[in-house]
Ligand code: PAF
């Protein structure tokens with residue numbers, strides 16, 4: 001069956017209702033995106049396909065989550081290419097609403113998740129996670145998926161959405177999925193297309209630095225020492241302009257001394273970086289689990 005392209009909420013609800021009416025055991029897997037799909041998105045789609053009877057992909061560049069100085073207008077878009085990737089992945093429905101369809105009048109409701117948004121991108125991009133939480137709550141209400149798939153490159157986003165779903169009793173299982181990288185280690189991102197050749201080459205330092213984290217933790221470095229090491233390593237690249245290097249417990253996003261993980265007080269820590277290369281801001285991270293840290 002070819003993929004159905006749907007642009008209105010009404011039509012989407014009817015199509016999903018038809019699937020559910022047809023088979024009471026239908027499970028709906030959902031992958032929310034802003035389009036310009038890459039292999040990371042395709043891996044989410046494949047996982048949804050393998051775990052659900054129906055897979056829905058949404059493509060919507062959500063204005064609410066962009067700050068005034070950010071790249072909303074130039075965010076890369078390619079409907080045709082996205083549609084063919086969706087088709088190849090076996091997606092059943094692609095939902096591509098317009099801004100007018102999603103926000104027909106000015107939004108008087110805002111969903112704001114506290115604490116987990118205090119640091120990292122929540123601090124660097126004020127309002128960003130309110131925009132994400134608000135649009136995802138709307139999309140969950142429109143689609144009512146059984147499972148929703150999110151990439152861990154945006155680990156803080158996964159924590160925000162998981163907290164929101166928990167707090168608001170939204171009946172959906174959030175499925176975090178591993179980061180997908182190019183063969184040379186660069187984490188896949190729609191924004192990689194902005195990188196000049198030299199910037200892209202130097203951006204490899206992000207993954208290279210993060211790969212050292214486990215051994216630094218095993219060597220007993222404190223949070224501060226680990227952050228300094230990472231900043232020093234990333235800072236060797238002249239085009240790298242560090243926004244943040246942070247270490248937090250995951251998924252609570254609270255501050256932590258990595259030594260504590262060795263004492264078994266936390267199961268996971270997130271070591272996350274945001275770095276600008278030229279005009280392009282990249283994020284990357286590594287999740288270190290208690291067992292990996294050498295205990
Ligand atoms: O990660 C993204 O692409 C976006 O933040 C999301 C989850 C689709 C919400 O607009």
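Summary table below
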{"item": "Residue in region 3-20 that is within 16 Å of the ligand (Cβ to nearest atom), crowded, with 17+ Cβ neighbours inside 10 Å and part of a loop (DSSP other than H, G, I, E, B) present", "result": "no"}
{"item": "Residue in region 88-98 that is buried (at least 19 other Cβ atoms within 10 Å of the Cβ) and in a helix (DSSP H, G or I) present", "result": "no"}
{"item": "Single residue of 92, 71 found to be modelled with pLDDT under 95 and away from the ligand (no atom under 12 Å from the Cβ)", "result": "71"}
{"item": "Per-region count, region 134-171, residues near the ligand (Cβ under 9 Å from one of its atoms), assigned to a helix (DSSP H, G or I) and either within 13 Å of residue 30 (Cα to Cα) or without any contact (Cβ under 8 Å) to a residue 60 or more places away in the chain (or both)", "result": "4"}
{"item": "Positions within region 43-62 being within 12 Å of the ligand (Cβ to nearest atom) and free of Cβ contacts under 8 Å to residues at least 60 places away in the same chain, in sequence order", "result": "57, 59, 61"}
{"item": "Among (1) surrounded by 18 or more Cβ atoms within 10 Å (Cβ to Cβ); (2) farther than 12 Å from residue 40 by Cα; (3) touching a helix residue (DSSP H, G or I) at 6+ places or on another chain (Cβ under 6 Å), the one test that residue 155 misses", "result": "(3)"}
{"item": "The listed residue being more than 15 Å from the ligand (Cβ to nearest atom), more than 26 Å from residue 283 (Cβ to Cβ), modelled with pLDDT of 95 or more and in a helix (DSSP H, G or I), out of 109, 83", "result": "83"}
{"item": "When residues of region 21-31 are limited to those that are in contact with a helix residue (DSSP H, G or I) (Cβ under 6 Å, 6 or more places away or on another chain) and buried (at least 17 other Cβ atoms within 10 Å of the Cβ), the one farthest from residue 137 (Cα to Cα)", "result": "29"}
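The values are calculated or read from the model by the stated rules, or taken from the named source; none is laboratory data. Worth saying up front: this structure is predicted, and the values here are computed from it rather than measured. Don't worry about glycine lacking a Cβ; one is built from the backbone with ideal geometry, like all the others, and counts go over all protein chains shown.
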